[in-house]
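Worksheet: the structure to be examined is printed underneath.
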Amino acid sequence: DVYREAQRRFGGPKPGQITVFEDSPAALETARDAGFRTVGIYDAPIDECWPRVQAAADLACKTWQDWLSQL
């Protein structure tokens with residue numbers, strides 16, 4: 001619901017036109033299932049979740065530089 005509300009507040013672009021950045025595997029899975037593009041961000045305190053983050057995200061990055069290099 002939070003992603004749909006953000007979509008509404010931004011004037012209703014299609015989910016595929018919005019990218020969600022998250023470190024939470026559950027949040028990434030929810031956003032992906034709703035049709036949003038997803039970028040998984042590494043978070044050392046939850047290192048054990050990194051494989052699930054990678055699986056749930058369209059792109060997974062350990063650093064912002066990783067993400068920028070994909071643009």
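The values are calculated or read from the model by the stated rules, or taken from the named source; none is laboratory data. Here the structure is a predicted model, which is why all the values come from computation and not from measurement. Using ideal geometry, Cβ is built from the backbone for each residue, glycine included, and neighbour counts are taken over all protein chains shown. Note: areas computed on protein heavy atoms with side chains; ligands, DNA, RNA excluded. Shrake-Rupley method; radii C 1.70, N 1.55, O 1.52, S 1.80 Å.
Quick look at the values:
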item	result
Qualifying positions in the range 30-42 - outside any strand (DSSP E or B) and open to solvent by less than 50 Å² (accessible area, probe 1.4 Å)	ALA31, ALA34, GLY35, PHE36
Failed criterion for VAL20 (all others in (1) outside any helix (DSSP H, G or I); (2) out of contact with any helix residue (DSSP H, G or I) (no Cβ under 6 Å at 6 or more places or on another chain); (3) of a type outside the set (Gly, Ala, Ser); (4) closer than 18 Å to ALA6 by Cα hold)	(2)
Residues that are exposed (fewer than 12 other Cβ atoms within 10 Å of the Cβ) and of a type in the set (Asp, Glu), drawn from the range 1-26	ASP1, GLU5
Matching residues, the range 43-58, being out of contact with any Lys or Arg (no Cβ under 8 Å at 6 or more places or on another chain) and surrounded by 15 or more Cβ atoms within 10 Å (Cβ to Cβ)	CYS49, TRP50, ARG52, VAL53, GLN54
Test result for ALA60, outside any helix (DSSP H, G or I), hydrophobic (A, V, I, L, M, F, W, C), in contact (Cβ under 8 Å) with a residue 12 or more places away in the chain and out of contact with any Cys (no Cβ under 7 Å at 6 or more places or on another chain)	yes
